[in-house]
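To start, the structure under review is shown below, and the notes come after it.
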């Protein structure tokens with residue numbers, strides 16, 4: 001009963017992902033046309049003007065025009081190639097599932113090159129734009145920079161894993177890479193959704209609310225896809241656990257300590273802080289509940305490998321608030337930010353960075369198991385008995 005239900009859910013998820021990507025691709029292709037030629041049509045602005053309001057769109061354009069015009073060509077490269085990646089992603093997923101190896105490899109090369117080129121355009125924009133002058137301010141700039149590094153790192157490790165012959169690790173890193181890329185269409189969806197939840201909220205504030213949970217959501221989606229595709233119950237060389245009970249207890253304590261710092265800090269920011277805290281805590285609690293339930297379910301089913309991966313990601317999620325709490329004063333001093341901006345930035349990058357760390361730890365876990373097998377001496381079969389000694393023993397018995 002479990003397998004057909006899981007298969008139906010997987011197909012539904014692929015259909016939804018494909019629909020979102022196909023819908024966002026033309027938006028990405030045309031998003032920057034008005035900045036290059038005022039009055040040019042842009043599908044995203046047209047939709048946003050009808051789902052929210054023309055004033056909301058005008059506010060967005062006005063806020064972005066100055067920074068964008070200084071780096072327009074790199075941003076156009078970034079946006080157009082991002083639209084292409086939206087089309088390539090579902091195709092790559094389907095070719096992998098259907099085991100179209102040659103097509104998957106050929107398109108994989110195109111995908112990797114496109115990611116690097118698109119992220120190079122984004123990097124030029126970030127380098128040329130001071131954080132405080134970026135669209136929606138320094139917090140948004142910091143989150144964009146972390147997403148860029150995470151995307152480039154994921155595609156790099158995924159490519160190396162494929163080259164070295166580790167398809168399971170390749171799959172994990174590429175799914176995480178595409179998760180980071182999905183922050184773009186998910187942010188646009190929130191541009192249309194959050195103003196209905198918070199009427200009158202500016203697009204700058206909408207962005208600040210969105211970055212509170214986008215990193216957690218996209219990395220969580222990548223993990224769900226990874227576990228759906230990985231049916232193994234064990235991994236060669238896997239012994240023990242890197243997330244035993246004492247580690248999980250310490251992770252829970254660290255997470256509680258981190259929340260004890262973040263929650264009062266957000267509450268002290270008034271209405272805006274409470275709004276940001278809600279946007280952080282609700283998705284965090286949902287992801288925590290699912291990870292804990294899946295880990296417990298894998299234990300009951302005797303699936304040691306699934307339990308290990310769920311627990312490693314759960315430990316990383318628990319450590320995210322502690323990491324964010326530590327990063328608040330670091331960002332304040334390193335980038336000369338005010339407390340509210342540093343708090344928003346630290347919370348915005350915490351879950352995504354710790355999820356990236358979790359995939360790294362899972363990869364090391366797999367590699368350590370394989371290295372253990374490689375170094376383990378081969379088992380030698382027991383030596384055959386000497387026929388002379390056997391005959392002598394038989395003669396002795398006959399003599400007695």
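Please treat every number below as a calculation from the coordinates, not as lab data. What you see is a predicted model; the values in this text were computed from it and never measured. Neighbour counts run over all protein chains shown; Cβ positions are idealised from the backbone, glycine included.
Per-structure values
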{"item": "Least to most buried among 127, 206 (fewest other Cβ within 10 Å first)", "result": "127, 206"}
{"item": "Calculated FRET value between residue 364 and residue 8, using beta carbons and R₀ = 35 Å, to 0.05", "result": "0.55"}
{"item": "Proxy reagent accessibility, fewest Cβ within 10 Å first, across 287, 143, 330", "result": "330, 287, 143"}
{"item": "Cβ-derived FRET efficiency at R0 25 Å, residue 271 paired with residue 69, nearest 0.05", "result": "0.15"}
{"item": "Whole-angstrom gap from the range 341-362 to the range 1-73, using each part's C-alpha centre", "result": "25 Å"}
{"item": "Cα-based helix-to-principal-axis angle, 245-267 vs the chain, degrees rounded to 10", "result": "10 degrees"}
{"item": "Crossing angle, helix 54-70 versus the chain [Cα axis fit, 0-90 degrees, rounded to tens]", "result": "80 degrees"}
{"item": "Degrees between helix 101-128 axis and first principal axis of the chain (Cα, 0 to 90, nearest 10)", "result": "40 degrees"}
{"item": "Over the chain: helical MRE at 222 nm, DSSP H runs n ≥ 4 each giving -39500 (n - 2.57), nearest 500", "result": "-28500 deg cm²/dmol"}
{"item": "Cα-based Rg of the range 123-183 normalised by 2.2 N^0.38 Å, two decimals", "result": "1.36"}
{"item": "Residue 59/residue 333 FRET efficiency (R0 30 Å; Cβ-Cβ; nearest 0.05)", "result": "0.40"}
{"item": "P(r) of the range 43-159 over all Cα-Cα pairs, binned every 10 Å from zero, in whole percent", "result": "13, 34, 32, 16, 4"}
{"item": "Debye equation applied to the C-alpha atoms of the range 288-369, log10 I(q)/I(0) at 0.14, 0.22 Å⁻¹", "result": "-0.56, -0.94"}
{"item": "Protection proxy ranking of 182-188, 94-100, 351-357 - average other beta-carbon atoms within 10 Å, highest first", "result": "351-357, 182-188, 94-100"}
{"item": "Average projected area [Cα convex hull, the chain], square nanometres", "result": "27.2 nm²"}
{"item": "Reduced Cα scattering model of the range 26-99, Debye log10 I(q)/I(0), q = 0.16 Å⁻¹", "result": "-0.64"}
{"item": "Convex hull projection area averaged over all views, the range 90-136, Cα basis, nm²", "result": "4.3 nm²"}
{"item": "Dmax and Rg, reported as Rg then Dmax, of the range 233-391 (C-alpha, Å)", "result": "23.0, 94"}
{"item": "Spin-label zone in the range 39-57 - amide nitrogen under 19 Å from a point set 7 Å from the Cα of residue 193 along the C-beta vector", "result": "44-45, 47-53"}
